[in-house]
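First up is the structure itself, then whatever we jot down about it.
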Amino acid sequence: MVSLDHLTKRFGNQTAVDAISFEIPAGQIVGFLGPNGAGKSTTLKMLTGMIEPTSGTASICGFDLKRDLMEVKRRVGFVPESGAVFESLTGLEYLIMVAALYGIPQNAARQRIGQFIAFFDLGFDTLTEKLLGAYSKGMRRKVVITAALLHNPPVVFFDEPLDGLDANAAVGFKALIQTLAREGKTIVYSSHILDVVERVCHRVIIIDKGSVILDGKPDELVAAHNSGTLEKLFTQLTGGAELERRAEDFAKTFRA
Amino acid sequence: MSTSAPASPPVPSDERVPSTEKTLRRLFLTLFLRGRSSRGLKKQTAPKSVGRKLGLTLGLYALVGLSALAFLKQSIFALTVYLHAMTFVFLGMFVASSAGEVLFNNQEADILLHRPISPRALLWAKVRVLVEVSLWLACAFNLAGFFTGAAGSHGNWRFPFVHIVSTALEALFCTGCVVMIYQLCLRWFGRERLEGLMTTAQVVISIAAVLSGQLLPQLIFRANRVVSFGEKTWWIALLPPAWFAGFDDALSGSAARSSWLLAALALIATTMVLWIAFGKLARDYETGLQKLSESVPTRAHKKGRRRWIEVLVDLPPLRWWLRDSVARASFLLTTAYLARDRDVKLRVYPAVAPFAVLPIIFMARGFGPGSSGTREFGIAFVSAFLGLIPMLALSTLQYSQQWQASDIFHAAPIPGPAALCHGARRAMLCFLALPGAVIMALIVWLSDRHSPQVLMLLPGLIAVPVYALVPNLGGQGLPLSLPAEEAKSAGRGLTMMVAMFSSMALSGLALLAWSTGWFQWFLLIETIVAVSLYMIMRRSLANVRWATLE
């Protein structure tokens, strides 16, 4: 469903993503992890056609990212980390606009939006009366998630989707992606909340400095490295082992 | 698990689906009319705000356009040179200030680039909105011109129709030029320098437009409103507004051979620009948007090296002037935004430009023979207008696209906005008013080194600190604290109008005191009044406490 072959992105002399390759079949939820600046968002942006790879190839649903970009975009849903929206539109105006870009007629779009409103427990008045600029971060995130799923894409990329969501919405969201995966959708889930990843994802890919350093099932990886939890495994692999000492040094600054 | 490629997501086919072009055009027009950010607003109150302001702007343009009535007895060519020159200025300013935000919006990449939209459709939708709004502005300004051209002594019924076409061509030419410049910048200089270049290009285009807007009417009126294109005035063919004026003259005026030549130039230039901007370079547009969405690491300063402004504020006299740490921080923040932020630069410098240029033009007119009274008034007027520069700059500095970040001022342990306002005001005085005063004093002194008239600069200079405090009255004018969309406020315009009249009154009083020999007494009284007003305003500002954030 999603296939990357030596996908690389360089910014000048700096290599952000260094020849990464993997395949994700349909119906799988993949946790895409890495420390800040590891190249996660850059990879997701390449796979959604937002930035052009420097070299390597990728295909989504059999369509090549370079040759069939429009076909790829039609089959992809994306929740960016920024959660950016057009703030001076109402939620409903925004979602209708997004639906139109995917060729979904207004009535069908309203029907689907209604289902999402019910799922996320959003008030219809809020959606029609308030501009997105007036929404709380969590409400805005719900609209962005709705916008990503509105056209029923077979592949969905989530970049920090839980950011701003309250506990109930987060639980609901986890249930949603598991349901979507059961229906055959491919989910790529990038997050720093590792216990959620551990519970939800079928597979974990960890990248650091632009390269894949680990790929496998979460429980198998944890057992193989004898680390107890995914979080501990992650810090072991990505140089976070000295965090406690660094925290102590930081606190010392204030004591002085 | 299956890895076979699924078909495109199913879409019901019995309903009409709006085209991508139509959806995008509606989106960008809505965003343009409502502005791009609107925290804490409801649909009923917010969306119309920019639209209403646009209505006021159109009304203002129509009023300014009444000046075309002065050309009732002139030829069609003279009238349309004036109309197209002014339209060119207005459109140039509008397109230059809007295009960067509309064409290359950083946040837009995350919203639109992963959706199935072709770069050409995206570019055309944006350009269509720019041209549409440009045409509204152009038509408002040209309303009186349509009448003048049809009913004037050389007019005829064809004029309004022909002029609409030539104005539309001019709008396309203007927009095409700006789009072409951006795309060429992108192609030649790359992403790293694109933003800096865009800012510089926009500031230069806007200032040039304002300057030519002030100078062009002067040139035309100096030529007794007689403009013609001939062997001695061949240079007219170099000016784009003259091409479009030629179009009008060829089809509804004298139909002279030279006018046909200019009309042909208008058509060829517009076609060429559109072909390059939207044909040749359209593919680069998506690359441009992609590059703006890339988070390229910026080159770090050399370790331990400080910015020049940080060094400057640590040296006397700025160190003495900025003893308060909050005022100092606000001073540094203001200078950083004046130097770096595209949005702030585009608002502040073009707004200040006419106030810097207008008095110089006025003063220059007084340097001719037999114009001593005009000259003295001109000098006093120059210095009185100097106070308006920091005042206007401070009132525009309070608007920013990052206005939400100003919440930090409220969260910090400071009792009210006074110290922040002082820092911003001092930055404006230091980097706008002081250089302005030095330049104006030099111009006056160099024009006549032995003249005591240079003293006429003093009344205005004494008033500068008072004018600079006006935007902060009642704790208003906190830097970078209001949404950019609110920048075109009618209330602010009224304050500026009152300030302009007061500065003209000050110049008149100074001239009266000069001519009656009471100038020293006038300066003494003015100083006492200015110091008293300054103290009262500062005390009032110091007593202001934070208002609740809604």
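Within segment A:86-108, not a single residue is under 18 Å from the mean Cα position of the chain (by Cα) and among the hydroxyl-bearing types (S, T, Y). From the list B:L143, B:L123, B:L135, the one residue that fits, being out of contact with any His (no Cβ under 8 Å at 6 or more places or on another chain) and surrounded by 21 or more Cβ atoms within 10 Å (Cβ to Cβ), is B:L123.
Residue-wise test of (1) among the β-branched types (V, I, T); (2) modelled with pLDDT of 85 or more; (3) open to solvent by 10 Å² or more (accessible area, probe 1.4 Å).
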{"site": "A:G77", "(1), (2), (3)": "no, yes, no"}
{"site": "A:V85", "(1), (2), (3)": "yes, yes, no"}
{"site": "A:S88", "(1), (2), (3)": "no, no, no"}
{"site": "A:A99", "(1), (2), (3)": "no, yes, no"}
{"site": "A:R110", "(1), (2), (3)": "no, yes, yes"}
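Looking across segment B:333-344, the residues that are of a type outside the set (D, E, K, R) and open to solvent by 30 Å² or more (accessible area, probe 1.4 Å) come down to B:L333, B:Y337, B:A339.
Only residues that are open to solvent by less than 10 Å² (accessible area, probe 1.4 Å), farther than 18 Å from B:L33 by Cα and in contact with a Leu (Cβ under 7 Å, 6 or more places away or on another chain) were counted in segment B:88-111, giving 1. Checked against the criterion of being touching a Phe, Trp or Tyr at 6+ places or on another chain (Cβ under 9 Å), part of a loop (DSSP other than H, G, I, E, B) and within 19 Å of A:V156 (Cβ to Cβ), segment A:2-18 has no qualifying residue.
The set of residues from segment B:26-39 being modelled with pLDDT under 80 and either open to solvent by 30 Å² or more (accessible area, probe 1.4 Å) or among the polar types (S, T, N, Q) (or both) comprises B:F32, B:L33, B:R34, B:R36, B:S37, B:S38, B:R39.
Each residue in segment B:147-162 was checked for being in contact (Cβ under 8 Å) with a residue 40 or more places away in the chain and part of a loop (DSSP other than H, G, I, E, B), and 6 pass. For segment A:55-75, check the following and say yes or no: at least one residue is under 18 Å from A:G210 (Cα atoms), of a type in the set (S, T, Y), open to solvent by 10 Å² or more (accessible area, probe 1.4 Å) and more than 9 Å from chain B (Cβ to nearest Cβ). Within segment A:55-75 (the criterion being under 18 Å from A:G210 (Cα atoms), of a type in the set (S, T, Y), open to solvent by 10 Å² or more (accessible area, probe 1.4 Å) and more than 9 Å from chain B (Cβ to nearest Cβ)), the answer is yes, since at least one residue qualifies. Residues of segment B:506-545 that are loosely packed, with under 15 Cβ neighbours inside 10 Å and not in a helix (DSSP H, G or I): B:G517, B:W518, B:N543, B:R545. Residue under question is B:V64, and the condition is that it be crowded, with 18+ Cβ neighbours inside 10 Å and in a helix (DSSP H, G or I); does it hold? Here the answer is no, as B:V64 does not meet what is asked.
With the structure loaded, tell me whether A:I206 is touching a helix residue (DSSP H, G or I) at 6+ places or on another chain (Cβ under 8 Å), closer than 12 Å to A:L33 by Cβ and among the β-branched types (V, I, T) or whether it fails that test.
Values: touching a helix residue (DSSP H, G or I) at 6+ places or on another chain (Cβ under 8 Å): yes; closer than 12 Å to A:L33 by Cβ: yes; among the β-branched types (V, I, T): yes.
Yes; evaluated as a whole, the condition is true for this residue.
Looking only at segment B:104-124, residues that are part of a helix (DSSP H, G or I) and away from every other protein chain (no Cβ under 11 Å) come to 3 in all. For B:F94, the criteria (1) over 16 Å from B:L135 (Cα atoms); (2) under 16 Å from the mean Cα position of the chain (by Cα) hold in every case but one, which is (1).
Every test in (1) more than 22 Å from the chain's Cα centre (by Cα); (2) at pLDDT 90 or above is passed by B:G474 save one, and that test is (2). Here the condition is being closer than 29 Å to B:S118 by Cβ and of a type in the set (S, T, N, Q); of A:Q106, A:Q115, it holds for A:Q106 alone. Among the candidates A:L33, A:L47, the residue that is within 12 Å of another protein chain (Cβ to nearest Cβ) and open to solvent by less than 10 Å² (accessible area, probe 1.4 Å) is uniquely A:L47.
Conditions tested, residue by residue: (1) within 14 Å of chain A (Cβ to nearest Cβ); (2) at pLDDT 80 or above; (3) touching a strand residue (DSSP E or B) at 6+ places or on another chain (Cβ under 8 Å).
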| position | (1), (2), (3) |
| --- | --- |
| B:L41 | yes, no, yes |
| B:V50 | yes, no, no |
| B:G65 | no, yes, no |
| B:K73 | no, no, no |
| B:V81 | no, yes, no |
| B:F88 | no, yes, no |
| B:M93 | no, no, no |
| B:S97 | no, no, no |
| B:V102 | yes, no, no |
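Within segment A:27-61, the set of residues being in contact with a helix residue (DSSP H, G or I) (Cβ under 9 Å, 6 or more places away or on another chain), assigned to a loop (DSSP other than H, G, I, E, B) and over 18 Å from A:G83 (Cα atoms) comprises A:G27, A:Q28, A:G34, A:P35, A:E52, A:P53, A:C61.
If you filter segment B:254-278 down to residues that are open to solvent by less than 30 Å² (accessible area, probe 1.4 Å) and of a type outside the set (A, V, I, L, M, F, W, C), you find that the one that is farthest from the chain's Cα centre (by Cα) is B:S259.
The values are calculated or read from the model by the stated rules, or taken from the named source; none is laboratory data. Since this is a predicted model, take the numbers as computed values, not measurements. Neighbour counts are summed over all protein chains in view; Cβ atoms, including those assigned to glycine, are modelled from backbone coordinates with ideal geometry. Only protein heavy atoms, including side chains, enter the accessible area calculation; ligands, DNA and RNA are left aside. Shrake-Rupley method; radii C 1.70, N 1.55, O 1.52, S 1.80 Å.
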